[in-house]
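Computed from the coordinates by the stated procedures, all read-outs in this text should not be read as laboratory data. All values reported here derive from a predicted model rather than from experimental measurement. Cβ sites come from the backbone with ideal geometry, for glycine too, and all protein chains shown count toward neighbours.
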């Protein structure tokens, strides 16, 4: 384990190689599973404010679901908010390109400069899962091993890219440049 500021980081974040291979998995993490992507309350406000802008980037069924609600659901099993799902398990913000690869409508709008906020940080940081301990005032960052990501693990092994390097942009978004520099230093010592 590595401790940086208020974050305990599992060794796997440094020792496991991982690079998404969307041609192989087609972005299955956007439609697999029982719950939507975890979101923070501030993210709900930020994203909901732009649902009308995001809507045209999404399939008609998603646009309808957004109009009926705000795109989010409360998941009591985890005591957390997450993106709403269609009955087939697909995220309400999921869209697909011409090759059938899943894309995030929120991220597409952000990249086009139409909205100031990117996709939820939980999606951006994946395969790192963040667990917050409000009582101890710390976070635990763990590598989430999921069989649908085996192409990403194979790709990461081939390219020799650890999780934390693959997720550099997301980690900096979540915790800042100084945090990432400390993580790089810890990884160099850890090896």
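Observations on the structure shown:
- Exposure proxy order (Cβ contacts within 10 Å, fewest to most) of 104, 153: 153, 104
- Global size of the stretch 85-138: 14.4, 46 Å for Rg and Dmax (C-alpha atoms, Rg to one decimal, Dmax whole).
- In the elastic network of the chain, a GNM with C-alpha springs shorter than 10 Å, the most mobile of 180, 74, 135 is 135.
- Whole-number D in µm²/s for the stretch 99-191 (Stokes-Einstein; Kirkwood sum over Cα pairs; 4 °C, 1.567 mPa s): 85 µm²/s
- Length added when fully stretched, residue 48-residue 1, from 0.36 nm per residue minus Cα-Cα: 13.3 nm
- Summarising the label geometry, the points placed 7 Å from Cα in the beta-carbon direction at residue 133 and residue 101 lie 3.9 nm from one another.
- Solvent-free Debye scattering, log10 I(q)/I(0), computed from the Cα coordinates of the chain at q = 0.14, 0.17, 0.18, 0.19 Å⁻¹: -0.84, -1.21, -1.32, -1.43
- A Gaussian network model of the chain, with springs between Cα atoms under 10 Å, assigns the largest mean-square fluctuation among 95, 80, 16 to 80.
- Kirkwood-type radius of the stretch 27-118, with distances r between different C-alpha atoms, in Å: 13.2 Å
- Considering only Cα atoms, the convex hull volume of the stretch 1-74 works out to 164 Å³ per residue.
- Spin-label zone in the stretch 1-38 - amide nitrogen under 13 Å from a point set 7 Å from the Cα of residue 147 along the C-beta vector: 33
- 39, 53 arranged by Cβ crowding within 10 Å, fewest neighbours leading: 53, 39
- Angle of helix 150-159 to the longest C-alpha principal axis of the chain, folded into 0 to 90 degrees and rounded to 10: 50°.
- Hull shadow area, averaged, the stretch 63-102 [alpha-carbon convex hull, nm²]: 3.4 nm²
- Acute angle (nearest 10 degrees) that the helix 177-190 long axis makes with the longest principal axis of the chain, alpha-carbon atoms: 50 degrees
- The stretch 129-191 and the stretch 72-113: distance between their alpha carbon centers, rounded to Å: 22 Å
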